[in-house]
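As structure tokens, the structure follows; a few thoughts come after it.
The values are calculated or read from the model by the stated rules, or taken from the named source; none is laboratory data. No experiment lies behind these values; they were computed from the predicted model shown. When we count neighbours, we look across all protein chains shown, and the Cβ atoms used for this are built from the backbone with ideal geometry, even at glycine.
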Amino acid sequence: MNHDILLIIIFSVFAVLILSLIIFLMMKKSLLRKKLANCIFPEKWKIFLFKNFAIYQYLPKDIKEKLHKKISFFIHEKNFEGCGGLKIDVLHKIIIAANACLPIVNSENDLYPYLQTIILYPGVYKNNNLTAASENVLSESEHVVAGESFSAGTIVLAWDVCLNDSQNLNTASNVIIHEFTHQLDAENGPTDGIPAIFNRAKLNEWEQIFREEFANFRLKSFHKYDVIDQYGSVNAAEFYAVCSEAFFDMPLLLEKQHPQIYNVFQKFYNLDPASWFRN
Ligand SMILES: [Zn+2]
């Protein structure tokens, strides 16, 4: 047999096998979601949420129901790994899933499609970063952190910080929302403070408002007390992440202090959290 024809046959068989595997996995996921969507969300889980997810009691009924479904999907589809002696149980999974799914509860986002694994430490942990100190020389620095997001499909979090943030509102601090916002940011390529917005007019509006607000924030031409954490001045990606924390944790104040940011976030997330606290 001609060598080229043999190569084409091998390649075709391989392509068909890969395609079949992708279709099989998609069908499996779709069937599992259908099954889970018909299950009743356990009362015990609602009690966990009521006690440990402070915003839960303010959510409108329809949003709560959508969140229950997404939490179930998330828990079944993502891997959880405990580190530093932490043993993962259902409470860990529910609290992480609830906070992670809140930003996407009313959007088309398919449950952070590039994210596979959530690694949990009991508390803050040390990370090692290699940075270029000079040409051909790498310097290693060590930091204590509460969370990190990697575009390769992993999020690392400190559980005690996660739980504290989840249990308390009005701090404008939520490490889970922060790190998952970085995942949303990375879904369309670079982590640059611009998440995937497919409508051209909405994208233009986001870019214009975000650029202006970020520049003002860096120049410190903002309120004496600002609901947006100072860490946001590091770069546009961090600015987007801390604005998202404020959007869900202190929406009324964000709306008052930064109405334009609130407005574009409201359109992007398709949610109006300030109204949950007014009602
Ligand atoms: Zn960050």
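Set side by side, the residues Phe217, Phe222, Phe210 differ, and just one is modelled with pLDDT under 95, among the aromatic types (Phe, Trp, Tyr), surrounded by 12 or more Cβ atoms within 10 Å (Cβ to Cβ) and not in a helix (DSSP H, G or I), which is Phe222. Of the residues contained in the range 55-71, none is found to be over 27 Å from Lys267 (Cβ atoms) and surrounded by 11 or more Cβ atoms within 10 Å (Cβ to Cβ). In the range 197-206, the qualifying residues are those that are part of a helix (DSSP H, G or I) and not hydrophobic (A, V, I, L, M, F, W, C), and the one that is farthest from the ligand (Cβ to nearest atom) is Arg200. Applying the set (1) under 23 Å from Phe247 (Cα atoms); (2) of a type outside the set (A, V, I, L, M, F, W, C); (3) in contact with a Pro (Cβ under 9 Å, 6 or more places away or on another chain) to Gly84 leaves exactly one unmet item: (1).
Among helices (runs of 4 or more DSSP H) entirely within the range 232-277, having at least 2 residues that are more than 14 Å from Pro103 (Cβ to Cβ) and within 16 Å of the ligand (Cβ to nearest atom) singles out 236-249. The lone criterion from (1) within 16 Å of the ligand (Cβ to nearest atom); (2) farther than 21 Å from Asn235 by Cβ left unmet by Ile155 is number (2).
Asn188 fulfils the conditions (1) surrounded by fewer than 22 Cβ atoms within 10 Å (Cβ to Cβ); (2) within 16 Å of the ligand (Cβ to nearest atom); (3) in a loop (DSSP other than H, G, I, E, B) except for a single criterion, (2). The condition of being under 26 Å from Pro259 (Cβ atoms) and within 12 Å of the ligand (Cβ to nearest atom) holds for only one of Ile209, Ile177, Ile228, Ile194, that being Ile177. Within the range 57-93, the only residue that satisfies the criterion of being touching a Phe, Trp or Tyr at 6+ places or on another chain (Cβ under 6 Å) and of a type in the set (Ser, Thr, Tyr) is Tyr58.
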